[in-house]
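Heads up, the thing below is written out as structure tokens.
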Amino acid sequence: MSIQVDHAEIKTGQLMTMLIAIVAFVTKEPFWLMALGLFFLVTALYRPASPFVLAYRLFVKPFGLMKSDYRLDNIQPHAFGQLVGALTVAVCLTLLYLGHATAGWIILWILIGLTLVSWLGWCIGCFLYYQLNRLGLRG
């Protein structure tokens, strides 16, 4: 079902994701990863309460930091992408907890890289959503 989706709102979330992930890496503080995972989960399950959406609507848009970019789109693939992000953060946290710090941080940098690619215009979560849909697994 296509609706008008503000892609500037999505881009704000992508920028915040990269910022939070880099802060987590620099500080080596799992709190930031837990917060990021929670942000992903809230965004996927109930978008109006998303910290990414709220930051965009309360600060970014009113202060003119980014212009609205409404497009006819389906929000479900983007929500699925948020679930993929939450799962990725969970894997990262698990690896860190189990003492596999190098592997955990590599996973985090993969997340940062894929988020950057998404910010540039190609969303891995959306791609996976549509590929699963083609296989008959409806979202």
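What is the sum of charges, Lys and Arg at +1 and Asp and Glu at -1, for the other residues whose Cβ falls under 12 Å from the Cβ of LEU96? My count for the surroundings of LEU96 gives 0.
Qualifying trypsin sites (Lys or Arg not before Pro) in region 1-97, where qualification requires a DSSP coil assignment and no more than 11 other C-beta atoms within 10 Å, comprise LYS28, LYS67.
For region 20-64, what class follows from the C-alpha gyration tensor (a ≥ b ≥ c being the square roots of its eigenvalues): rounded when a/c is under 1.5, otherwise prolate if a/b is larger than b/c, else oblate? Oblate, because a/c is 1.5 or more while a/b does not exceed b/c.
Determine the sum of side-chain charges near ASP6: Lys and Arg each +1, Asp and Glu each -1, restricted to other residues whose C-beta is under 13 angstrom from that of ASP6. With Lys, Arg at +1 and Asp, Glu at -1, the net is +3. Quote the relative contact order of region 23-105 in percent (integer), defining contacts as alpha-carbon pairs under 8 Å separated by 6+ residues. Averaging sequence separation for qualifying contacts and normalising by length gives 32 percent for region 23-105.
Ligands, DNA and RNA left out, the 1.4 Å accessible surface of the chain is 72% carbon and sulfur atoms.
In the context of the full set of protein chains, residues of the chain present 59 Å² of accessible surface per residue (probe radius 1.4 Å, heavy atoms only). Taking Kirkwood radius over Cα pairs in Å straight from the coordinates, which label in (i) 16.0; (ii) 15.4; (iii) 16.8 is the correct one? The listed entry that was calculated here is (ii).
No disulfide-compatible partner, judged by a Cβ distance under 4.7 Å, exists for the following cysteines of the chain: CYS92.
Per residue, the chain reaches -23000 deg cm²/dmol at 222 nm when only DSSP H runs of four or more residues are counted, each adding -39500 (n - 2.57).
A Cβ-based charge dipole, computed about the Cα centre of the chain with Lys and Arg at +1 and Asp and Glu at -1, lands at about 160 debye. Looking at region 26-57, the chymotrypsin sites (Phe, Trp or Tyr not before Pro) that sit in a DSSP loop and have at most 14 other Cβ atoms within 10 Å of their own Cβ are TYR46. Using alpha-carbon pairs under 8 Å, 6+ residues apart, how would you state the relative contact order of the chain in percent? After rounding, I find 31 percent. A protection proxy built from the mean count of other Cβ atoms within 10 Å ranks the segments 83-91, 104-112, most packed first, as 83-91, 104-112. Rounded to the nearest 0.05, what FRET efficiency do LEU54 and PHE25 give with R0 = 25 Å and r taken as the Cβ-Cβ distance? Could you check? Efficiency, from the Cβ-Cβ distance: 0.55.
The values are calculated or read from the model by the stated rules, or taken from the named source; none is laboratory data. Source: prediction; values computed, not measured. FYI the Cβ positions are ideal-geometry reconstructions off the backbone, even for glycines, and counts take in every protein chain you see. The protein model used for the area step is the full one, side chains on, heavy atoms only, and it has no ligands, DNA or RNA in it. Shrake-Rupley method; radii C 1.70, N 1.55, O 1.52, S 1.80 Å.
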